[in-house]
1. Relative to the present Cα-Cα distance, how much length would full extension add between Lys186 and Thr230 at 0.36 nm per residue of separation?
2. Once you put a point 7 Å from the Cα of Ala177 and another 7 Å from the Cα of Ala161, both along the Cβ direction, what distance in nm separates them?
3. Taking R0 as 30 Å, what's the FRET efficiency between Ser150 and Thr90 from their Cβ-Cβ distance, rounded to 0.05?
4. Once you place label points 7 Å from the Cα toward the Cβ at Lys105 and Lys60, how far apart are they in nm?
5. Could you give the dipole magnitude of segment 70-167 about its Cα centre, charging the beta-carbon of Lys and Arg +1 and that of Asp and Glu -1, in debye to the nearest 20?
6. Please compute the contact order of segment 72-117 in relative form: average sequence separation of alpha-carbon pairs under 8 Å and at least six residues apart, divided by the residue count, as a percent.
7. Note down the relative contact order for segment 61-137 as a percent, whole number, built from C-alpha pairs under 8 angstrom at least six residues apart.
8. For segment 30-156, compute Rg over Rh where Rg is the Cα radius of gyration and Rh is the Kirkwood radius from the inverse mean 1/r over Cα pairs.
Amino acid sequence: MKKYLVLCLAVLTVCFSGIKSEAAEQGYISVSATSQVELIPDTVDFSVEVVATSKDSMAKAIEENKRVSGKVYEDLKKALNQSNGDSIKTSNYSANPVYRYNNNKRSLDYYEVRNNIKIHTKNIAGVGKMIDTATADGATSINNISYSVSKYDDECNKLLAETAKKARVQGDFIAKALGSEIVGVKSADSSCSFSGRTSMPRMVLMSKALGASNDAAAETSTNIEVGTMTLNSRVNVFFYIK
């Protein structure tokens, strides 16, 4: 009886060993595919900075900043469609005394108040006019103009699906050339991202720095070129073959 039991265990061990060996030796191929598509941005974010200073007091600097910022808020809101997701808000506000140093001695130079107003809008065609309006109202600089695609996830998923199909076609050709065929997927990974410039650097409003009047600044139309954004996708797949 003991000999029979030992023999059965030995047979089972050989069987299981054979199964593991066969799975471990199953062949596979690796395929990488890429795709890209040009998309037109439909959303833009940018910041309008209002800086006010006063030699006399912090209260005067605050009052001046409040006056200019209030006009910027009022005028830019007219160009926004909040029911479509547009928004305007204060992203940063600071009020500080500014000192100068002479022979290691510190003395008060002036008071400075900064208000950074963030705009999010789908009215891309109106961005140039918004900048002109903010300039005429007394804004100091335009920061971080950044474009995006509101349906990024949908566009990314669609492009990844196309790239995965491309990888499968390539895999079938490779497998056929090797005298094999694809029987399954061992593993897969993917990525999706934009390439190229999607933002503009800080724009200092030189008309104000040079002392130009509001009327002169308003007559100058700011031209903002949006262009396109390149969406790239990559899919890496390991296919089982036999």
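1. Residue separation times 0.36 nm, minus the Cα-Cα distance, leaves 12.8 nm.
2. Modelled inter-label distance: 2.9 nm.
3. Efficiency at R0 = 30 Å is approximately 0.80.
4. 2.3 nm
5. 220 debye
6. Computed over segment 72-117, the figure is 35 percent.
7. Here the relative contact order equals 37 percent.
8. Here the Rg-to-Rh quotient is 1.18.
Every number here is computed from the coordinates shown, using simple stated rules; none is lab data. Quantities reported herein were computed from a predicted structural model and do not represent experimental measurements. Methodologically, a virtual Cβ is constructed for each residue, glycine included, from the backbone with ideal geometry; neighbour enumeration extends over all protein chains shown.
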